[in-house]
């Protein structure tokens, strides 16, 4: 799933795995590689010619960092997966901005 497709979706319809473009069975190495790829793609200072406004690029870049921070730590990933499997909406993405990503 691309970040562009997530931008038009409600936050309850996607999760941190979607943000990084990986599956829940991804290894730590795959999580890191996905993070590096997405971070380079969405870093506001590296992509000055992007079609996306800087505030959206900054927001998405921060969201990518949150996803990596959560999924790269085995303890927080386990907690995230547990909550996600019970009720996706209980895991509140920390810096959600309803004006950028449909709420």
Quick one: in the stretch 18-28, of everything that is more than 10 Å from residue 71 (Cβ to Cβ) and surrounded by fewer than 16 Cβ atoms within 10 Å (Cβ to Cβ), which residue is nearest to the chain's Cα centre (by Cα)? 23
Taking the options 58, 23, 76, name whichever one is farther than 17 Å from residue 3 by Cα and modelled with pLDDT of 85 or more. 76
Only one of (1) surrounded by 18 or more Cβ atoms within 10 Å (Cβ to Cβ); (2) modelled with pLDDT of 80 or more is not met by residue 101, so which one is it? (2)
What is the residue count in the stretch 29-64 for residues that are exposed (fewer than 15 other Cβ atoms within 10 Å of the Cβ) and touching a helix residue (DSSP H, G or I) at 6+ places or on another chain (Cβ under 8 Å)? 2
Checking residue 92 against (1) over 18 Å from residue 3 (Cβ atoms); (2) in a loop (DSSP other than H, G, I, E, B); (3) at pLDDT 90 or above, the condition it does not meet: (3)
Which one of 68, 59 is in a helix (DSSP H, G or I), within 11 Å of the chain's Cα centre (by Cα) and farther than 18 Å from residue 26 by Cβ? 59
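The values are calculated or read from the model by the stated rules, or taken from the named source; none is laboratory data. Worth saying up front: this structure is predicted, and the values here are computed from it rather than measured. Here Cβ is always computed from backbone atoms with ideal geometry, including for glycine, and neighbour counts include all displayed protein chains.
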